[in-house]
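Laboratory data are not the source of any read-out in this text; all were calculated from the coordinates shown. It should be emphasised that the depicted structure is a prediction, and the values quoted were computed from it without experimental measurement. Reconstructed Cβ throughout: ideal geometry from the backbone, glycine too, with neighbour counts over all protein chains shown.
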Amino acid sequence: MDVTIARSRVQGTAQAPPSKSYTHRAILAAGFSAGTTVSAPLVSADTRATMRAVEGFGGGVDIEDDHLDVTGFDGQPGVPDQVLDCENSGTTMRLVTAASGLADGITVLTGDDSLRSRPQGPLLDALDHLGARAESTRGNGQAPLVVKGPISGDGVSIPGDVSSQYITALLMAGAVTEDGIEVELETELKSAPYVDITLDVLDAFGVTAERTDDGFRVAGGQTYDAGDGYAVPGDFSSISYLLAAGAVAGDDEVVIRGAEPSSQGDTAIVDIVEQMGAPVEWDRDAGEITVEQADLTGVTVDVGDTPDLLPTIATLGAIANGETRIENVEHVRYKETDRVAAMAEELTKLGASVTEHEDVLVVHGDESDLTGATVNGRHDHRIVMSLAIAGLVADGETTVTGGEHVDVSFPDFFDVLYDLGADVRR
């Protein structure tokens, strides 16, 4: 689906979608339990993949108006009757790969073209060390994957600079092993706040995991139990696009609801937008952020812990005065697409001046003059939404291909943008 955005002004109130990261973890945690209710979840293409995995392991997920009724498999996933298709969801594949190691038999996992190009090797090696047989069918560390369990628990070492999801997967599965799992990090941990999200969800389900001097540890023999249920907070990765829209195209203030504080590293976008010069107020008690348009100035940002913010920051940099320097970006190349190269190339089509290095992306705002063009969303929800924000200020009309991919994390994104006053046509 192609989406065309004309230069527009926005104002009003928007509701942020629920957190994708919290929803994934809550669905799987509910699966590990005897069953519970997950309130205010994000129901999207990615999270549906995790729901199907829970069902494949022997649980059940009923989608109601504002919650999920999850029937759990009580800590012991069964062997799925068929291949688990994770589609485009990297989080699903990593979390479910480790959970597969608990099943007494063989589980096969696959995904779409993009997901089959993403690295899984370190997690497979860890599961091998824990007693499973975990293999890539093509021998390249990428899906399709075959996992034969069960594992019992032990200590493993794993790199921390490829994906924090490896650590999340091992901690969630390790809690119901006999011996628990201790994870030693071989390198500095990137995207560390995502492991904090995992620890939050585990705690809410009565599972104890902790940091160690060298990594993380979770004791075995634990039981997942969320009591009366679990409520998902709002998603700050998605909030970043609404904040950016208000900061660059606000006709009056834009108010974003669903912004309750949490362990999400992407809450950093509030400070980043404010540092660039936009008036921002965050009422943490009410869970509301108010932002107004301003002339922005470039900043230097390290996205080692916040990789999903790179597309938003790059777009803001193309509109701001001066230079925006985004550092520590190499791991952002291993997402749904190489987001560093994608933003460099697509913003350039719109008239931005961008310099791409292996671990740094520099956007030269003073040398950028955005003009509408047709840009490629790269089948990546975050690229699509960021380019749409650029379209709000580019002269003329901007057409973004692949607009349907917003269904991964923010299914009604274009409806929300339209309701704020943007000229959006599909």
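Quick notes on this one:
- Helix-only mean residue ellipticity at 222 nm for the chain, each DSSP H run of n ≥ 4 adding -39500 (n - 2.57), per residue, nearest 500: -9000 deg cm²/dmol
- Two-decimal log10 I(q)/I(0) for segment 233-357, as the Debye equation yields it once each C-alpha is a single scatterer, q = 0.17, 0.20, 0.22 Å⁻¹: -0.84, -1.14, -1.32
- Computed over segment 285-426, relative contact order equals 19 percent, with contacts defined as Cα pairs under 8 Å that lie 6+ residues apart.
- Lysine pairs meeting the criterion (Cα under 26 Å, 8 or more apart or interchain), as found in the chain: 4
- Modelled spin-label separation between T13 and E367, with each label point placed 7 Å from Cα along the Cα-to-Cβ direction: 4.5 nm.
- You can think of it this way: the chain between R257 and I106 has 50.0 nm of extra reach, that is 0.36 nm per residue less the Cα-Cα gap.
- Amide N proximity, segment 1-18 versus E397 label position 7 Å along Cα-to-Cβ, cut-off under 17 Å: 1-9
- Rounded tilt (10° steps) of 236-249 against the dominant C-alpha axis of the chain: 0 degrees
- Length-normalised contact order of segment 72-206 in % [C-alpha pairs under 8 Å, at least 6 apart]: 22 percent
- In loop segments of segment 149-215 as defined by DSSP, the GluC sites (Glu not before Pro) with at most 16 further C-beta atoms inside 10 Å of their C-beta are E178, E186, E188.
- A Förster distance of 45 Å, applied to the separation of the beta-carbon atoms of D62 and A341, puts the FRET efficiency at 0.65.
- Segment 20-231 - Debye-derived log10 I(q)/I(0), Cα point model, q = 0.07, 0.11 Å⁻¹: -0.17, -0.43
- Candidates T208, T398, T47, ranked by Gaussian network fluctuation over the chain, Cα under 10 Å, top entry: T208
- Taking all Cα pairs closer than 8 Å and separated by 6 or more residues, the relative contact order of the chain comes to 19 percent.
- Within segment 20-231, percent of DSSP bridges classed antiparallel, to nearest 5: 75 percent
- From the alpha carbon centroid of segment 203-236 to that of segment 272-332 is 30 Å.
- With the simple spin-label model, which puts each label point 7 Å out from Cα in the Cβ direction, the V360 to A192 separation comes to 2.3 nm.
- The chain: C-alpha pair distances exceeding 35 Å, %: 26 percent
- The stretch between E210 and K349 holds 45.4 nm of extra length on full extension. This uses 0.36 nm per residue minus the Cα-Cα distance.
- Potential lengthening between D69 and T223 on full extension [0.36 nm per residue; Cα-Cα distance subtracted]: 53.6 nm
- The distance separating the Cα centre of segment 107-155 from that of segment 393-424 comes to 36 Å.
- When the chymotrypsin sites (Phe, Trp or Tyr not before Pro) in segment 7-114 are filtered for DSSP coil states and for at most 11 other beta-carbon atoms within 10 Å of their beta-carbon, no site remains.
- Share, in percent, of DSSP beta bridges within the chain that are antiparallel, nearest 5: 70 percent
- At most 16 other Cβ within 10 Å, DSSP loop - GluC sites (Glu not before Pro), segment 1-97: E64
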